Structure formats: structure tokens, C-alpha cells
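The values are calculated or read from the model by the stated rules, or taken from the named source; none is laboratory data. Model, not experiment: these values are computed from the prediction. Positions of Cβ are generated from backbone atoms using ideal geometry, with glycine treated the same way; all protein chains shown enter the neighbour counts. Accessible surface is based on the protein model in full, side chains and every heavy atom, while ligands, DNA and RNA are left aside. Shrake-Rupley method; radii C 1.70, N 1.55, O 1.52, S 1.80 Å.
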Amino acid sequence: MRARYGVPLGITAVGAAGLIYAAGFEVRSFRLRRVTVPVLPRGMRPLRVLQVSDIHMVSGQRKKQRWLQSLAGLRPDFVINTGDNLSDPEGVPETLDALGPLMEFPGAYVFGSNDYYGPTPRNPARYLKEKASGKHGLNGNPPVVGAVHNPWEELRDAFDAAGWVGLSNTRGRLKLDGVEIALTGLDDPHIKRDRYGEVAGGPESDADLSLAVVHAPYLRVLDAFTADRYPLILAGHTHGGQLCIPFYGALVTNCDLDARRVKGLSTHHAAGHTSYLHVSAGCGTNRYTPVRFACPPEATLLTLTPPSP
């Protein structure tokens, strides 16, 4: 009996333990990533930017709400929200409650596909299939039929009322004690809502710093921002791979970005220029796949500094 069934039963037990850990512990093991990015002009004071992304709020997620509220204690200079706030059409009040303390700070936002549309059950193996085919989201795939529409307008109105700047295929500015930050944003490339031609032209010369913001880090977008010489691009969407292999990393990114840059700070090269890229692994999951493994949920505090002498 042990000779025939010991190994399969052992594998099953390890798999079950991993699932319990991924769904019961790690998915709620919220972390703060801290990075320093040398993109400011010389002589300028450091700026602290809090990036939150991929909250995917579902009603009843109290621990996530409390953790997001606690981030206000970091006292950032400004907040960037890179989208996918919702994973439940009923989740808007709890999302706004969670972000309420952060909305006391200057901020800006873009939306992701899950802000517009409710999630549907999906076989996780499809992400591997899409990676092999090079087709992700609506990029090369047929249009979605019968999608649930989320009340994203309520989010937009609340963010706007708090003074956060909407960056869906547009530009905006934040003024911080005499410092002017120019922001250029795109709507979500994952569902082909990006319109780079409407914001092309590069950084604004009369601003102290220009940043680029987008939800999904598709290469066409990163290439365009980098060719236009933006020093830093902020994105989310990837969930850091969500289900990763220890000591190896992510298998998929849910876009055409390579897995090596699925989360954290890296660089992107295009047209002879280089930009810093920061991809947040986000702090939530699709409501139908509420697990994370070797990829804890996160937000990021980026400290922007001048380059070292």
C-alpha cells in the first residue's frame, strides 16, 4: 500500500498545504516595498510617492481595508493609484473607505480593466496559453461578450472630488509646496483603451519632474513613453505573477512584458533612451482566484532623489 500510493499521497498533501498557505495566509500577508529612484534634478529635495495598485476589492475584505488605511501613516508627498481597484460591483463603498485616508494627500490615478468590468471565472492555464500565443486581454483576442459593468463612474467622481487627478489618456499636474509634477497617463492597454497619440510629446519643460502612469505595462506603451524620454514609468496589472515558483519567480505577466520585470524597479530601453520602470505587484487578486504564492500583496513607497554625485 505505501509503495504504490505513498508518493502520490505525499504530493497531494504538499499541494493541499500549499493551497491552504496561498489562500489562507499569503494572500493577506500585506507588505510595503521601498525603493529609491534617482530621477530628480540636482538640488531638488527627495519626494516620497506611495503607489497602490490592483486592490481588487471584494465586499468583506476588512484586513485589506485596514492595511490600506494604515498606509496614510507613511505621510507620502503624493499617491499614485495604478488601477484595478474593484473585483466586485458592490465594492465601491469599501474601496473608498479603504482609500479615504490616502485621499487626504495629493494624488493621481488611472483605471484598469477590472474597474470597468466585473471578473468572470477563468481557468488559470489560460494565462500560460496566452503567453505562448502572445495574445493578452483584448490584444488579438475576440471582444468580450456579456461582461458585467462595474460602477467605475462612482470611483472617478470620488477621486476627482478628493482632488486626485485623472490620467486616462490625458495629462495633469500636482503642485507640492512649490514643486510642480507633470503627469502623463493612459487608459488601460490590456483592453485596448490606450491612445498615446492624444498625450504624445514627452515631458513638460516647465515642470520640475514629469512622470508616466499606466495600468498594464505593455511594450508598445513602455516603448512610447521611453522614446519620449520620461524618466520614470509607473504601472501595475501583473500581480507580480501571483503564483510564483520559489527561487525561480513568475511564470506569466498577463501582458507582453517579460517575467524578469514582473514586479519592482527595472529599466526599459527604446529609441536609444532609457527610463526607469516600476511595476507594482498589487495588493489583491481576482475574486475567483483568491490565492498568492511566493508573491505577497504589496504597495510601494518610492523615494525619488537626484542622482548621486
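A few notes on this one:
- Among residues that are modelled with pLDDT of 95 or more, open to solvent by 10 Å² or more (accessible area, probe 1.4 Å), over 22 Å from HIS215 (Cα atoms) and polar (S, T, N, Q), GLN61 is included.
- Test result for PRO93, surrounded by fewer than 12 Cβ atoms within 10 Å (Cβ to Cβ) and over 18 Å from GLY241 (Cβ atoms): no
Residue-by-condition table, conditions (1) closer than 23 Å to PRO306 by Cα; (2) within 20 Å of the chain's Cα centre (by Cα):
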{"residue": "TRP164", "(1), (2)": "no, yes"}
{"residue": "GLY172", "(1), (2)": "yes, yes"}
{"residue": "GLY178", "(1), (2)": "yes, no"}
{"residue": "THR184", "(1), (2)": "yes, yes"}
{"residue": "ARG193", "(1), (2)": "no, yes"}
{"residue": "GLY197", "(1), (2)": "no, no"}
{"residue": "ASP206", "(1), (2)": "yes, no"}
{"residue": "VAL214", "(1), (2)": "no, yes"}
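- Options LEU71, LEU19, LEU9: the member that is at pLDDT 95 or above and either in contact with a Leu (Cβ under 8 Å, 6 or more places away or on another chain) or not basic (Lys, Arg) (or both): LEU71
- In the set (1) of a type outside the set (Asp, Glu); (2) touching a Pro at 6+ places or on another chain (Cβ under 9 Å); (3) open to solvent by less than 30 Å² (accessible area, probe 1.4 Å); (4) in a strand (DSSP E or B), the condition left unmet by ALA281 is number (4).
- Within region 134-162, if we keep just the residues that are among the small types (Gly, Ala, Ser) and either open to solvent by less than 60 Å² (accessible area, probe 1.4 Å) or at pLDDT below 95 (or both), the residue that is nearest to the chain's Cα centre (by Cα) turns out to be GLY137.
- Condition met for ASP177 (surrounded by fewer than 16 Cβ atoms within 10 Å (Cβ to Cβ), at pLDDT 95 or above and either more than 25 Å from GLY241 (Cα to Cα) or not basic (Lys, Arg) (or both)): no
- From the list TYR196, TYR218, TYR230, the lone residue that is under 22 Å from ARG42 (Cβ atoms), at pLDDT 95 or above and among the aromatic types (Phe, Trp, Tyr) is TYR230.
- Residue count for region 224-275 under the criterion of being of a type in the set (Lys, Arg) and over 15 Å from the mean Cα position of the chain (by Cα): the result is 2.
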